[in-house]
Amino acid sequence: MQKCEKFSALKGEFDEIRTMGPLKIFTNTERQQFQVSVENDLASLEYRLYEGKLVLMHTEVPEKLSGHGIGTALAEYAFQYARANNLPVKVYCPFVQAYLKRHPEYNDLVLKAD
């Protein structure tokens, strides 16, 4: 697994590992992913920091881990990360778009489509 580091360029309390329930979510700045390792498999939410925005690109959860709330935990973590760092969010990932429909409390962070 790639080394995960604190994103020192941003503020907030985002250490190397954040716990969300029983999951330990890593911010891997080198690969630009929020990651969680479960049962020796890696799930991730790919992001980009672009022009002061957090751009959510793609969620990847291994098939055998599907349906256990891992993608949801990654999406929630991404929005908490954005809020803590005062970053507006641009969403391209269909999974995260669906998540937003169930969690309107994050709509204030989301930039409208171009």
* Enumerated strands (runs of 3 or more DSSP E) restricted to region 28-114, each holding at least 3 residues that are loosely packed, with under 14 Cβ neighbours inside 10 Å and touching a strand residue (DSSP E or B) at 6+ places or on another chain (Cβ under 6 Å) -> none
* Structure fact -> In region 58-85, residues that are more than 11 Å from the chain's Cα centre (by Cα) and in contact (Cβ under 8 Å) with a residue 60 or more places away in the chain total 2
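Every number here is computed from the coordinates shown, using simple stated rules; none is lab data. All figures in this text were calculated on a predicted structure; none of them were measured in a lab. For neighbour counting, all protein chains shown are included, and Cβ atoms are generated from backbone atoms with ideal geometry for every residue, glycine included.
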